[in-house]
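Worksheet: one structure, shown below.
What follows is calculated from the coordinates using simple rules that are stated; it is not laboratory data. These numbers were taken from a predicted model, which means no experiment stands behind them. Virtual Cβ from ideal backbone geometry, glycine too; neighbours counted across all protein chains shown.
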Amino acid sequence: MLPRVGVLREGGPVETPVLLGRSRAMLEVLEEAHYAAPTESKVLITGESGVGKEVLAHVIHQRSPRARRPMITINCAGVPETLLESELFGHTRGSFTDAHRDKRGLLELADGGTVLLDEVGEMSMRMQSMLLRFLENGEIQRIGSEGHRISADVRVIAATNRDLFERTREKEFREDLYYRLNVVHLVMPPLRARQDDIRLLFEHFLRVLGEQYKLPICQLADDAVEHLEAYHWPGNIRELKNIAERVAVRYAGQQLTARELPRNITTRNAPAHGANGNGSAPAVPPLADVLYDRMTRNGESFWTVVFAPFMSRDLTRETVRAVVRRGLECTKGNYRLMAPLFNFPATDYKRFLNFLQKHDCHVPFQHFRLIARPGARPERGEGAATPGAKVG
Ligand SMILES: Nc1ncnc2c1ncn2[C@@H]1O[C@H](COP(=O)(O)OP(=O)(O)OP(=O)(O)O)[C@@H](O)[C@H]1O
Ligand SMILES: [Mg+2]
């Protein structure tokens, strides 16, 4: 069975979705969701990985008149196109080698309910066209069923951690589909923008996990909270939940101070008032470091994390240069190695360099090679980061 393809949750999810939050940013999203939920409007949910997009989709379904009907989640990423097509639309017996009997698609199974198209930004162009056709007329044609169409009444919620608008500009996502899906747009804020939720969430997971494993529940000391709130959470709530699980088991029943937290939480993120004693707000790591960590630790791509926000003017040139400098430090001045580091395919290398040069974000590499080889003089042309040049 393929993971997370067509998770059928008749009558709501197996695990009741809990969407905790009291921060202003979260309350604003919840208010918008509250108005959208009882309508038939399509909803697009965007936000970084692990922020709770899927949970929010469940909450919307549960607060809608469709709550008694199925909610089906379809993960559009990492599934071969033909399998996704058959999962979504179904097939008739004999329509391909392994089609031994008729099979209903998930859109048909969700009739009267809601479908969550998760990671919709990853759909191929062909699947996008098929989805658009379905959204236009609500009709499904199973693979192999010549001309026979079935109608299905489903509400569509789409989620993605991509900048879909940017994808339309890059011609990777159909503009007409984008506007069809983007009727109500809910943006889930990253956890670092929801500091007021951190203690609440951490204590919630300590309690839930303690109960689940039948262990005495840990208590959070104030100094631990300070570190948790100062950390930048590149993996968002999923990361927080994982850490809570680790400590809930390891330090069951104990008081958790900063000493019991993983080192990556406490080392680079000393709370500001502890560090400078002036009681000011916790230190916020430089934006370039946050972006760098999202790519190198969280596996997100340069195109999503740096390129897209820069193009929509949410990032300055100086921040992009700072990210590139960190990359060069790591690769010892080798631009080519930044492809695997920043999670883009090697075939995008030229595009990457073109982007940096065109927007004056290019950073000379020589200095980083000199650091790597003390006393060495850079050879002329070595590592010259001009499009098409051989580098590294
Ligand atoms: N506000 C919240 N309250 C409680 N739990 C939450 C909240 N938000 C997220 N979670 C939990 O965090 C985990 C990640 O949430 P979810 O899968 O909804 O994120 P996502 O944004 O869809 O991530 P991805 O982009 O990787 O698919 C889940 O275990 C979920 O239950
Ligand atoms: Mg998700």
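Quick look at the values:
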read-out	value
Residue with peak Gaussian network fluctuation, the chain [Cα springs, cutoff 10 Å], from D118, D360, D98	D98
Label-point separation in nm, D153 to E245, each point 7 Å along Cα→Cβ	3.9 nm
Amide H contacts of I140 (H built 1.01 Å from N, under 5 Å, at least 5 apart or other chain)	I150, S151, A152
Cα Rg, Dmax, the range 287-372, angstrom units	11.7, 35
Exposed-site-free run, longest, the chain (rule: GluC sites (Glu not before Pro); DSSP loop; at most 10 other C-beta within 10 Å)	147-378
Ellipticity estimate at 222 nm from DSSP helix runs (n ≥ 4, -39,500 (n - 2.57)) divided over the chain, nearest 500	-12000 deg cm²/dmol
H185-E81 FRET efficiency (beta carbon distance; Förster radius 35 Å; 0.05 resolution)	0.85
Kirkwood Rh (inverse of mean 1/r, distinct Cα pairs), the range 36-195, angstrom	16.2 Å
Relative contact order for the chain, counting Cα pairs under 8 Å that sit 6 or more residues apart, in percent	14 percent
Contact order normalised by residue count of the range 68-164, Cα under 8 Å, 6+ apart, percent	35 percent
GNM top mover of P234, P80, P65 - the chain, alpha-carbon springs below 10 Å	P80
Potential extension, H367-E31 segment - 0.36 nm per residue separation minus Cα distance	115.9 nm
Contact order normalised by residue count of the range 164-274, Cα under 8 Å, 6+ apart, percent	27 percent
Net charge contributed by nearby residues that have their C-beta within less than 11 Å of S95 (K/R +1, D/E -1)	0
When each of K53/K241; K171/K350; K103/K171 is checked by Cα-Cα distance, pairs over 27 Å	K103/K171
Isotropically averaged projected area of the chain, using the convex hull of Cα atoms (one quarter of hull area), nm²	23.7 nm²
Candidates H185, H362, H100, ranked by Gaussian network fluctuation over the chain, Cα under 10 Å, top entry	H100
P(r) tail fraction, the range 183-239 - alpha-carbon pairs more than 13 Å apart, %	65 percent
